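Please read the structure below before turning to the comments.
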Amino acid sequence: METLMETRLELQPAPRGSATWHRVCPLAELDDSWGEAALVAGRQVALFRVGESRVFALSNADPATRANVMARGIVGSRGTMHTIASPLHKEVYSLATGKCLGNPELRLGTYPVRVVDGAVEVAL
């Protein structure tokens, strides 16, 4: 899926198609502006908490190399856009859309994410 739902501690609608919500971890276990990797239904997902309750879920695989390292990237911003820089080649991606800001041929996969009863859930 190439869409992302941001959460502000409210329930998000069910994902389209046959995707299923998977409980990953308590929101409190995610540090602000820091990534964490999680294995969700056999897929590596990078989770990023920005601020008190905004959570983004993206593919952990670097689009340029396919190495599973994006959770160790550098969280930043370009204006009001939250970004993640690859720890390998420093390509910068939008956390909301997965678009690469420097190379339009690269794109980071994104997943719907929500917080339910204090737990982060990702739809795959």
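The values are calculated or read from the model by the stated rules, or taken from the named source; none is laboratory data. Nothing here was measured: the structure is a model prediction, and the numbers come from that model. Glycine gets a Cβ as well: all are built from the backbone with ideal geometry, and neighbour counts include every protein chain shown. All accessible areas refer to the heavy atoms of the entire protein, side chains included, with ligands and DNA or RNA removed. Shrake-Rupley method; radii C 1.70, N 1.55, O 1.52, S 1.80 Å.
Taking region 73-103 as the region of interest, how many residues are among the basic types (Lys, Arg) and either assigned to a strand (DSSP E or B) or buried (at least 18 other Cβ atoms within 10 Å of the Cβ) (or both)?
Qualifying residue count for the region: 2.
Please go through region 81-94 and give me each residue that is under 17 Å from ARG49 (Cβ atoms) and among the β-branched types (Val, Ile, Thr), ordered by number.
Answer for region 81-94, where residues must be under 17 Å from ARG49 (Cβ atoms) and among the β-branched types (Val, Ile, Thr): THR83, ILE84.
Go through region 49-85 and report how many residues are among the basic types (Lys, Arg), touching a strand residue (DSSP E or B) at 6+ places or on another chain (Cβ under 8 Å) and farther than 21 Å from VAL24 by Cα.
Within region 49-85, residues that are among the basic types (Lys, Arg), touching a strand residue (DSSP E or B) at 6+ places or on another chain (Cβ under 8 Å) and farther than 21 Å from VAL24 by Cα number 1.
Which pairs have Cβ atoms under 9 Å, sit 6 or more apart or on different chains, and link a residue in region 60-85 that is farther than 14 Å from GLY109 by Cβ and in contact (Cβ under 8 Å) with a residue 24 or more places away in the chain to one that is acidic (Asp, Glu) and open to solvent by 30 Å² or more (accessible area, probe 1.4 Å)?
Going by the 9 Å Cβ cut-off, the qualifying pairs are VAL75/ASP32.
Does ARG107 meet the test of being closer than 20 Å to LEU124 by Cα, modelled with pLDDT of 95 or more, surrounded by fewer than 15 Cβ atoms within 10 Å (Cβ to Cβ) and touching a strand residue (DSSP E or B) at 6+ places or on another chain (Cβ under 8 Å)?
No: the conditions fail for ARG107.
Which of the residues that make up region 110-124 are surrounded by fewer than 20 Cβ atoms within 10 Å (Cβ to Cβ) and assigned to a loop (DSSP other than H, G, I, E, B)?
Residues satisfying the conditions are ASP117, GLY118, LEU124.
Have a look at GLY98, GLY118 and point out the one that is over 15 Å from TRP34 (Cα atoms), touching a residue at least 24 places away in the same chain (Cβ under 8 Å) and under 13 Å from the mean Cα position of the chain (by Cα).
After applying the criteria, what remains is GLY98.
Would region 27-42 turn up any residue that is touching an Asp or Glu at 6+ places or on another chain (Cβ under 9 Å), acidic (Asp, Glu), over 22 Å from ALA123 (Cβ atoms) and modelled with pLDDT of 95 or more?
yes
Return yes or no: is LEU124 more than 22 Å from VAL24 (Cα to Cα) and in contact with a strand residue (DSSP E or B) (Cβ under 8 Å, 6 or more places away or on another chain)?
No.
Of the numbered conditions (1) under 10 Å from the mean Cα position of the chain (by Cα); (2) under 15 Å from HIS22 (Cβ atoms), LEU108 fails exactly one; give the number of that condition.
With (1) under 10 Å from the mean Cα position of the chain (by Cα); (2) under 15 Å from HIS22 (Cβ atoms) applied to LEU108, the lone miss is (2).
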